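Notes follow once the structure below has been shown.
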Amino acid sequence: MSALRAFSTRARTKRWTVAAATLAVFVVYQALILGILVGGLGGAPNYVRLYPAWENARRIVRLTPSMTDAAVLIGREPIFEYGRRHPVFGVAVWSFELTWSSLLFFLSFSALVGLYLGIGGLAARWGAVGSLSGAGVVGLLGASVSSLTHCGLGSFGVLLAVSGVSTTTLQWFGNLEPVLIPAGYALIVLAIVARARGLAPAWSVAAT
C-alpha cells in the first residue's frame, strides 16, 4: 500500500482523534502565548474585549470595491482582545488581539500538528520529531499574524524581547519575520510526510 493511501485511510479512521488533537494544540498554543506575555511582560490580564467581528466584516465588504482589498482589511480586523492595563494610569501594559488572519493561522497550524499527532504510528525517524518540534517553535515565533503589542513592538519583537534579546538584535531579526510562518508550515508538512511513509509498511502487513 502506498504511503498516500495508507495516510488517507488512517486519517479517515482516526478523524475524531485528529479533531481532538487539533483542539488540544490550539488551546496549548493560546496558553503558551498567554504564559509568555504574563511571565515576560508582567501581570495577569485584567480586561477582555469582544469586537462586533461579523458586522465589521460586512461593512468592509459593502464599502470596499476591491475584494482583494476587502479580504486584507477583514484579515486585520480583531475578533477578541485581552490584555493588561496599568492599575493607576490606565494605559495598556500589553495586549493580545485575535484577528481573522491570526485565527486562520492558528487553526491551520493546529490542524496540521493535530493531523500528525492524531494519525499515530511510528515517527519513522527522529528527523520527523525534530521537524515537528521545530515547526512548533517557528510557528510560535511566527505568530506575527496576531497582534501582540508592547511599546510598539510587533509579536516577533515581543517574544524575542521577553527572551532578553537586545533592541539592536531585535531590529535585525525583524527581517526574518515574513519567513517564519512559511518555514513552520514546511517543517510540519515534512513531519507528516515522514510519518505517512512510516504508516505504509504497517498497513501493508495489516492488509495481508
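Taken together, the values in this text are just the output of simple stated rules run on the coordinates, not laboratory data. Quantities reported herein were computed from a predicted structural model and do not represent experimental measurements. Because the Cβ atoms are built from the backbone with ideal geometry, glycine has one as well, and the counts that use them run over all protein chains shown.
The local environment of GLY83, defined by Cβ-Cβ distances under 13 Å, has a net charge of +1 under the rule Lys, Arg +1 and Asp, Glu -1.
Peptide packing: for 12-24, 100-112, the average count of neighbouring Cβ atoms within 10 Å per residue gives the ranking 100-112, 12-24, highest mean first.
Model label sites at ALA186 and PHE89, defined 7 Å from Cα along the beta-carbon direction, differ in position by 4.2 nm. Taken over the stretch 1-109, the convex hull of the Cα atoms encloses 159 Å³ per residue.
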